[in-house]
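Down below is the structure, laid out as C-alpha cells.
The values are calculated or read from the model by the stated rules, or taken from the named source; none is laboratory data. Note that the coordinates shown come from a computational prediction; the quantities given were computed from them, not determined experimentally. Heads up, the Cβs are rebuilt from the backbone with ideal geometry, glycines too, and the neighbour counts pull from every protein chain shown.
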Amino acid sequence: MKVFIVVPAFNEGHRLSAVLDDLAHTGHQVVVVDDGSRDQTVEVGKRHGCYVLRHTFNRGQGAALQTGMTFALREGADAIVMFDADGQHQTSDMPALLEPVLSGRVDVALGNRFLSERSNVPAMRRVILQLGRVFTWLTSGLRVGDCHNGYRAFSRKGAAAISMKQDRMAHASEIYDQIRAAGLSYEEVPVTIRYTAETLAKGQKLSNSVSVLFQYLYGKIAQ
Amino acid sequence: MNIFQIVFITFCALQAALSLRRFAKTRHLTAVVFLGAWIAAIVLIANPQMSTQIANSVGIGRGVDFITYFLLITFLWGHYQHYLRYKRVENEVTHLVRELAIAQASRPVARVDTATV
C-alpha cells in the first residue's frame, strides 16, 4: 500500500524539521507543500528526503492541501494523510487513523481531538469548536464530534472525490460538504492535538472563525 | 435648463459616446446596456419630474427614493458579478500555481542527516 502524507507548510522552517524527523519513522512517502514561504521550508523538506512542491506565492492552506492530494494521486497513492507542519499532530496516532481506510472499511477517517483524553484543548477553543460542530451539522448534514481537525486520512477513492475550491481555512468546512455530496463513508478516530503557546500564537485565532465563516458562505454563493 | 443640468447632461452624453466607441465593435450587448443607462440618465436629468412620475406609478412616493432603490439594487448586482469574476480568477490562479508546483516537484533523494548539516 502506497501511503502519502501531505504536509502543507507556510513559513514553518524552524518547526518543520522536528515534524519531518517524526514522519520519517512512519515509512510513508512525505509530500511537503511549501505555500510560498520566505524562510527555509523548502530546504528543510529536501534535506529530509521528502517530495517538495512549491507554490510560487501564497495561496492558503486549502490550496496547498489540494496541491499535495492531486500530486499524491498522480503518483499512485492508495491512501493520503493530511498532517500539520506545526507539530500539533502526533505520528503515534497515524496507524489508528489509517486503519479504517487501509482496511477498506471507510473512504475517509477524520481525527477527533475530543475522543482523546490527552488533547489539551483550551476552553474557549472548545466552545468555538462545539459551535462549529453544530454549524457543520446544519450546513453539510454530517454529525461529527469535532470540526476543523486537520488530521485526516483518505482512501484513493475518497481523495479523488475531494476537490477543494476554498483556498484558505474554509476548506475544512468544504471537505465535510464534499464528503456528504460524494456519499463517502467516514469514521472518526481519536487523535491527540497538543496546543502550545507557539502553535496558539501562529494557529487559527478565535476571531478568525468569523472570517472563515464568511469565506465559506461567500464560497457557497459563488458555486 | 439650469447649470447643473447642462454640466451633467454634457457629462452623460460624453460617457455615452465613449461607451459606444469602446464597446460597439466587440461587445454589442454591453454597448446597448451602457448607452441605454446614459440616455436614461440624460432623460431623467432633463425632466426631473419624470422620476417622481415613475415612482408614483410603481407605488413609491418620491422620485429620489425610486432612484436610490434602483441604484442600490444595481450596485449589489454589480458587486455580486464582480465577486463571481474575482472567485473565478482566484481559482484559475490557484490552478496555475498548483500545476506549476507539481511540474517542478522536487523528488526525494537520500535523506541527509540533519546533525551533519
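A few points about this structure:
- Long-range neighbours under 9 Å by Cβ, at least six apart or interchain, first residue free of Cβ contacts under 8 Å to residues at least 60 places away in the same chain within region B:83-99, second outside any helix (DSSP H, G or I) and of a type in the set (Ser, Thr, Tyr): B:96/A:56; B:97/A:56
- Of the numbered criteria (1) touching a Phe, Trp or Tyr at 6+ places or on another chain (Cβ under 9 Å); (2) of a type in the set (Gly, Ala, Ser); (3) closer than 17 Å to residue A:65 by Cα, the one residue A:145 fails is (3).
- Flag for residue B:78 being small (Gly, Ala, Ser) and within 30 Å of residue A:167 (Cα to Cα): yes
- Residue match in region A:194-207 (condition: touching a residue at least 60 places away in the same chain (Cβ under 8 Å) and within 12 Å of chain B (Cβ to nearest Cβ)): no
- Test: residue in region B:87-95 that is loosely packed, with under 12 Cβ neighbours inside 10 Å and within 11 Å of another protein chain (Cβ to nearest Cβ): yes
- Some residue of region A:92-114 being acidic (Asp, Glu), within 28 Å of residue A:216 (Cβ to Cβ), more than 12 Å from every other protein chain (Cβ to nearest Cβ) and surrounded by fewer than 24 Cβ atoms within 10 Å (Cβ to Cβ): yes
- Residues being buried (at least 23 other Cβ atoms within 10 Å of the Cβ) and more than 7 Å from every other protein chain (Cβ to nearest Cβ) - total across region A:48-65: 5
- Across region B:105-117, the qualifying residues are those that are within 7 Å of chain A (Cβ to nearest Cβ) and assigned to a loop (DSSP other than H, G, I, E, B), and the one among them that is modelled with the lowest pLDDT is B:117.
- Scanning region A:128-166 for residues that are at pLDDT below 95, assigned to a helix (DSSP H, G or I) and of a type outside the set (A, V, I, L, M) turns up A:130, A:132, A:133, A:135, A:136, A:137, A:139, A:140.
Let's see how each residue does on (1) exposed (fewer than 12 other Cβ atoms within 10 Å of the Cβ); (2) in the same structural domain as residue B:14 (by TED's automatic domain parsing); (3) under 19 Å from residue B:2 (Cα atoms); (4) free of Cβ contacts under 8 Å to residues at least 12 places away in the same chain:
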{"residue": "B:36", "(1), (2), (3), (4)": "no, yes, no, yes"}
{"residue": "B:41", "(1), (2), (3), (4)": "no, yes, yes, no"}
{"residue": "B:53", "(1), (2), (3), (4)": "yes, no, no, yes"}
{"residue": "B:57", "(1), (2), (3), (4)": "yes, no, no, yes"}
{"residue": "B:72", "(1), (2), (3), (4)": "yes, no, no, yes"}
{"residue": "B:77", "(1), (2), (3), (4)": "yes, no, no, yes"}
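- Consider region A:169-223 and keep the residues that are of a type in the set (Asp, Glu) and assigned to a strand (DSSP E or B). The one that is surrounded by the most Cβ atoms within 10 Å (Cβ to Cβ) is A:188.
Residues checked against (1) within 9 Å of chain B (Cβ to nearest Cβ); (2) touching a residue at least 60 places away in the same chain (Cβ under 8 Å); (3) touching a strand residue (DSSP E or B) at 6+ places or on another chain (Cβ under 7 Å); (4) charged (D, E, K, R):
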residue	(1), (2), (3), (4)
A:7	no, yes, yes, no
A:11	no, no, no, no
A:27	no, no, no, no
A:45	yes, no, yes, no
A:67	yes, no, yes, no
A:73	no, yes, no, no
A:78	no, yes, yes, yes
A:86	no, yes, no, yes
